[in-house]
Amino acid sequence: MRKKAIIGAIALALGAIGTAHAQVSGGVIKIGVLSDMSSLYADIGGPGSVQAAKMAVEDYGAAKKGLKVEIVSADHQNKPDVGSAIARKWYDAEGVDVIVDVPTSSVALAVTEITKEKGKLFLVSGAASSDLTGKACSPNTIHWTYDTWMLAHGTGSAIVKTGGDSWFFLTADYAFGHALERDTEAVVLKSGGKVLGKVRHPLNTQDFSSFLLQAQSSKAKVIGLANAGGDTINSIKQASEFGIVKGGQSLAGLLVFLSDVHGLGLEKAQGLIFTETFYWDQNDQTRAWSKRFAQAMGGKMPTMVQAGVYSAVIHYLKAVEALKSDDGGKVVAKMKGTPTDDPLFGKGTIRQDGRKIHPALLVEVKKPSESKGPYDYYKIRSTIPADQAFRPEKEGGCSLVK
Amino acid sequence: MTEIFGVPTQALFGQLLIGLINGSFYAMLSLGLAVIFGLLNIINFTHGAQYMMGAFCAWFLLNKLGVGYWWSLALAPVAVGAFGMLVERTMLKQLYKLDHLYGLLLTFGLALILQGLFRQEFGTSGQPYAMPSQLSGGSNLGFMFLPNYRAWVIVASLVTCLATWFVIEKTKLGAYLRAATENPTLVQAFGINVPRMITLTYGFGVALAGLAGVMAAPIYQVNPLMGADLIIVVFAVVVIGGMGSIFGAIVTGFGLGVIEGLTKVFYPEASNTVIFIVMAIVLIIKPAGLFGTQK
Amino acid sequence: MADGQRVAVDRGPGLGAETKVVAHQKIAFAVMAIAFVLAPAVIYPLFLMKALCFALFACAFNLLIGFGGLLSFGHAMFFGTGGYLAAHAAKVWGFPPEFAILLGTAAAALLGVLAGLLAIRRQGIYFAMITLALAQMIYFFYLQAPFTHGEDGIQAVPRGTLLGVLDLHNIYAMYYTVLAVFLAGFLLIYRVIHSPFGQVLKAIRENEPRALSLGYRTTHYKFLAFLLSAALAGLAGSTKAIVFQLASLTDVHWSMSGEVVLMTLLGGLGTVFGPVVGAFVIIAMESYLSELGQWVTIAQGIIFVICVLAFRRGIIGELGHWLKKPL
């Protein structure tokens, strides 16, 4: 009898040690929300992304399922050196298992490298560069929400189809701006349009009058704004001052978020056409979630980046629960192998190159008379199906795609 | 249509005019800086933050108190100027006997504090400020469409600059001020309250920055960083014009606006940097600046 | 250069007055060196390495302002040049780390020669403005140059193997290499300060016309100090690029020039150990308080203001004043 008990006890102990390997590191799942908390993109991601992550953990019911989840956050100030230092510190010294958000392409590229080196996981929601699933793809990175290819193709081809076949580009003189301009130019030319000129302005330009004047004299039907944040807002504001839209030209915002439209006001932003992948007023589920979000965020409705953080964290937690492990490589494989389903983006899949696929929305900003209240800003013109919205896997140049 | 270097002359005139408009801001801002440095020997790095405060003041007045643009043009500079005088009384006063560079470091630190506080409160997306209805719209000049507001900016700036120049160079008050900088003890012996004059002058220079801020509010984004990159450009303008010269600051401000405007046509990426190239050249050839005198 | 004459300076204890290598400074150095050798056991080495690189940068800057009396507003151009050239050499040309760092330092020195030739004839605020103007032009150049990749920076820079034997991917190997570089730079600066050349430099700072009248070619001395300061700033930048495997526009932006002024001011202008302390405090603030967002900038501004109004000697300066021995 005693022998059995001893054997039983040993077996139990061995069993416990055995399953310990498949457990979560340090007993805690630590999610690091790395975003721009205080500058250009703070309203696009920022504290809103942290809130979205918290909501994801709550809604998932992590506590009830016995998973301990902790969320930490930091401000990368849009600088790759700050971002990479934080990422290293998090992975090395603080036991962070996954980093989410990062709304700046240059920082995202740095964090991708470090994540690969350390074998962790990186869920990008904010950054736009399509290189993250192309040249710079990594087995440890999943690119959620959107990218420059999707923006260029969605917005570019839609506008050319509706008659905007001559373009003039106003581009931020930054690697990101150049990439956006290049991708959109390719789409315009392929769709049969012409590019009549381009001008590159320094980043964070206050005064666009000179550049807008050049755009006006080009007589292009469409002025493509290959810039972001404050530069886009300034260009649109001053375009209305110079009567550009009244003069018959239209503005194509290549990277515009809900928070930008809110900052501009409908008076100035009306008629803008661009592509997003989430809008709070799409359906009942998105409305319900967004209202909860807004309550915690002082009335601000979520942007697609923040929605993306929610969606990514939920899918991540599902994978971790199924695997009972937070080892970066295994979780990525599980996430890629499982189709996604959440109230915000609906059903989607994650490809081998790390690209998450979901439908895209072509939106137009409402006229002031058409809006019923704050944040009621978009008319959804059309929905681009998931398999057409993003760059075909083979064309990216990603080494993971066989 | 004739062309100069591949740009049609019509378009060029448009760009020159826009350059003048930008130059108006440079002139107004560098005027404040030149007054402060030329007369008080204080290097006021906070000028950009004070410009920003002027814009925020206008925004606050409009959105929270319902006070319109025209009133803000008077009220905001006074508020910012008062703030400036407080700074001068409490902090700058102690630095007069030290090397100039301490003044620069102090005002640089102040700028960081102000910008940080505003950013903490308002974020960086910027606040919209409505264009005053009397100045909206514009006229078609043939070679370009000139918004009325921008035309107003040129006029207002010219008037302010000329008025300031006149007061300082041609009136008794200005003479007292200039004398006080040269020999404060003697002037004080004549019964003039020199410290108070200095405080008021600093306040005036700062108020000019605030005024520029109000004028910028309807056309540029009212955001906490609007002065940050502008301050080094304005410094360059003052240095090029000659650090003590009011006239130099005005002329250089407008001139550099035009040069920057032309650069935007021919080599737009460099438009932020051309001012520094000019400054480097001027400093090498004529270190006291174009209109300055070596002190 | 040095005329072989010792310039007799007898002003009692105080800043920059001693000519001999004094015992208490040797002790302070030993304490500092031992602390750094042992530190990785308790403090995250990456933070220490960042602080050491910036400490070297601040020491180089201090050489120019604390001992030469010249405030440069453009020192980031040397720091960033060192970083970019080292990163490019290591990543694209496949240089081993020691050569990449040497190349970065040499590039910064070359830039120092060119900038020095243009700037050195001016004083005070004009000198500061010329260095700022040059730094802005260098920033623009790096923004446009394709090899820097704009705001993405040069990423994934290989750390490589030092002298063919030491794999720098091991964090301790990297740390002790950085420490060695820092100590070497620090000792070089120390030696310069306490040499006849350093004495003349101090004399020029105190009273240039007098030094001129004594027969010293002050422009040459200032130029050499500028060059040395530039080269060492480049060394700091190159080392940082290898440690972080990244060179970006932040390193050449004018706010970086402002930061090094802050570090030196806080630590103590013209002191030997001040810049090291100043650098550590500022880097610690940025690393450990980063969750506070904008409050870090506000805190930095407050430090500037307090240092200028009430704390002009800086941390080490006040300590030295209290101990009545220069540090």
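How many residues are at the interface with chain B (Cβ under 10 Å from one of its Cβ atoms), at pLDDT 85 or above and within 30 Å of the chain's Cα centre (by Cα) if we restrict to region A:208-230? Before you say what the answer is, go through the steps one by one.
Going residue by residue through region A:208-230, those that are at the interface with chain B (Cβ under 10 Å from one of its Cβ atoms) are A:208-214, A:216-218, A:229-230.
Then drop every residue that is not at pLDDT 85 or above, which leaves A:208-214, A:216-218.
Subset that is within 30 Å of the chain's Cα centre (by Cα): A:208, A:211-212.
The number of residues fulfilling the criteria is 3.
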Restricting to region B:70-119, what's the tally of residues that are among the charged types (D, E, K, R) and touching a residue at least 24 places away in the same chain (Cβ under 8 Å)?
-> 4
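From B:GLY242, B:GLY261, B:GLY248, B:GLY253, which residue is at positive phi and crowded, with 24+ Cβ neighbours inside 10 Å?
Numbers: B:GLY261 fails: at positive phi; B:GLY248 fails: at positive phi; B:GLY253 fails: at positive phi.
None of the others qualify; the one that does is B:GLY242.
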Being closer than 21 Å to A:LEU203 by Cα and among the hydrophobic types (A, V, I, L, M, F, W, C) is the filter here, so list the residues in region B:177-232 that pass it.
-> B:ALA216, B:ALA217, B:ILE219, B:VAL222, B:LEU225, B:MET226, B:ALA228, B:LEU230, B:ILE231, B:ILE232
Within region B:111-122, can one find any residue that is within 14 Å of chain C (Cβ to nearest Cβ) and closer than 27 Å to B:PHE247 by Cα?
-> yes
Is it true that A:ILE44 is of a type outside the set (Phe, Trp, Tyr), surrounded by 18 or more Cβ atoms within 10 Å (Cβ to Cβ), modelled with pLDDT of 80 or more and more than 21 Å from A:ASP260 (Cβ to Cβ)?
-> no
Tell me, which strands (runs of 3 or more DSSP E) lie completely within region A:23-122 with 1 or more residues that are polar (S, T, N, Q) and within 14 Å of chain C (Cβ to nearest Cβ)?
-> A:29-35, A:69-75
Restricting region A:84-128 to residues that are surrounded by 24 or more Cβ atoms within 10 Å (Cβ to Cβ) and among the acidic types (Asp, Glu), the residue that is nearest to A:ALA52 (Cα to Cα) = A:ASP101
Being assigned to a helix (DSSP H, G or I) and more than 14 Å from chain C (Cβ to nearest Cβ) is the filter; apply it to region B:264-295 and report the residue that is surrounded by the most Cβ atoms within 10 Å (Cβ to Cβ).
-> B:LYS264
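Out of the residues in region C:113-172 meeting the condition of being of a type in the set (S, T, N, Q) and away from chain A (no Cβ under 14 Å), tell me which one is surrounded by the most Cβ atoms within 10 Å (Cβ to Cβ). Walk me through it before giving the result.
Residues of region C:113-172 of a type in the set (S, T, N, Q): C:123, C:131, C:136, C:144, C:148, C:155, C:161, C:170.
Keeping just the survivors that are away from chain A (no Cβ under 14 Å) gives C:123, C:131, C:161.
Numbers: C:GLN123: 14, C:THR131: 27, C:THR161: 15.
By that ranking, first place goes to C:THR131.
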Which of the following residues is surrounded by 20 or more Cβ atoms within 10 Å (Cβ to Cβ), more than 14 Å from chain A (Cβ to nearest Cβ), in contact (Cβ under 8 Å) with a residue 40 or more places away in the chain and of a type in the set (A, V, I, L, M): C:ALA60, C:ALA33, C:ALA51?
-> C:ALA60
Selected residue (only one of A:GLY134, A:GLY156, A:GLY61 is at positive phi, out of contact with any Pro (no Cβ under 8 Å at 6 or more places or on another chain) and not basic (Lys, Arg)) | A:GLY61
Being within 14 Å of chain C (Cβ to nearest Cβ) and either of a type in the set (S, T, N, Q) or in a loop (DSSP other than H, G, I, E, B) (or both) is the filter; apply it to region A:157-180 and report the residue that is nearest to A:PHE242 (Cα to Cα).
-> A:THR171
Would you mind telling me which numbered condition in (1) touching a helix residue (DSSP H, G or I) at 6+ places or on another chain (Cβ under 9 Å); (2) within 12 Å of another protein chain (Cβ to nearest Cβ); (3) among the charged types (D, E, K, R) A:ASP183 fails?
-> (2)
Region B:93-104 - residue that is out of contact with any Phe, Trp or Tyr (no Cβ under 6 Å at 6 or more places or on another chain) and over 12 Å from C:ILE125 (Cα atoms) and, of those, surrounded by the fewest Cβ atoms within 10 Å (Cβ to Cβ) = B:LYS97
Selection from region B:123-148 of residues that are under 24 Å from the mean Cα position of the chain (by Cα) and more than 7 Å from every other protein chain (Cβ to nearest Cβ) = B:GLN127, B:TYR129, B:ALA130, B:MET131, B:PRO132, B:LEU135, B:SER136, B:LEU146, B:ASN148
Might you let me know whether region B:215-229 holds any residue that is assigned to a helix (DSSP H, G or I), aliphatic (A, V, I, L, M) and surrounded by fewer than 21 Cβ atoms within 10 Å (Cβ to Cβ)?
-> yes
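To keep it simple, each residue is scored yes or no on (1) closer than 13 Å to B:GLY227 by Cα; (2) out of contact with any helix residue (DSSP H, G or I) (no Cβ under 7 Å at 6 or more places or on another chain).
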{"residue": "B:PHE13", "(1), (2)": "no, yes"}
{"residue": "B:LEU16", "(1), (2)": "no, no"}
{"residue": "B:MET28", "(1), (2)": "no, no"}
{"residue": "B:ALA34", "(1), (2)": "no, no"}
{"residue": "B:LEU39", "(1), (2)": "no, no"}
{"residue": "B:PHE45", "(1), (2)": "yes, no"}
{"residue": "B:ALA49", "(1), (2)": "yes, no"}
{"residue": "B:GLY54", "(1), (2)": "yes, no"}
Report, by residue number, each residue of region B:242-263 that is more than 10 Å from every other protein chain (Cβ to nearest Cβ) and within 15 Å of B:GLY205 (Cβ to Cβ).
-> B:GLY244, B:SER245, B:ILE246, B:ALA249, B:ILE250, B:GLY253
Of all residues in region B:87-97 being in a loop (DSSP other than H, G, I, E, B) and more than 8 Å from chain C (Cβ to nearest Cβ), which is nearest to C:VAL305 (Cα to Cα)?
-> B:TYR96
Tally the residues that are over 21 Å from A:THR115 (Cβ atoms), within 20 Å of the chain's Cα centre (by Cα) and not β-branched (Val, Ile, Thr), restricting the search to region A:318-354.
-> 9
Does C:ALA211 fit the bill of being under 22 Å from C:PHE57 (Cα atoms), free of Cβ contacts under 8 Å to residues at least 60 places away in the same chain and either surrounded by fewer than 21 Cβ atoms within 10 Å (Cβ to Cβ) or touching a Pro at 6+ places or on another chain (Cβ under 7 Å) (or both)?
-> no
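In the set B:LEU39, B:LEU33, which member is away from chain A (no Cβ under 14 Å) and either assigned to a strand (DSSP E or B) or at pLDDT below 90 (or both)?
Values: B:LEU33 fails: either assigned to a strand (DSSP E or B) or at pLDDT below 90 (or both).
On inspection, the qualifying residue turns out to be B:LEU39.
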Are any residues in region C:206-227 among the basic types (Lys, Arg), over 19 Å from the mean Cα position of the chain (by Cα) and in a helix (DSSP H, G or I), and if so, which ones?
-> C:ARG210
Can you give me the number of residues within region C:276-312 that are touching a residue at least 60 places away in the same chain (Cβ under 8 Å) and of a type in the set (S, T, N, Q)?
-> 1
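The values are calculated or read from the model by the stated rules, or taken from the named source; none is laboratory data. Quantities reported herein were computed from a predicted structural model and do not represent experimental measurements. Glycine gets a Cβ as well: all are built from the backbone with ideal geometry, and neighbour counts include every protein chain shown.
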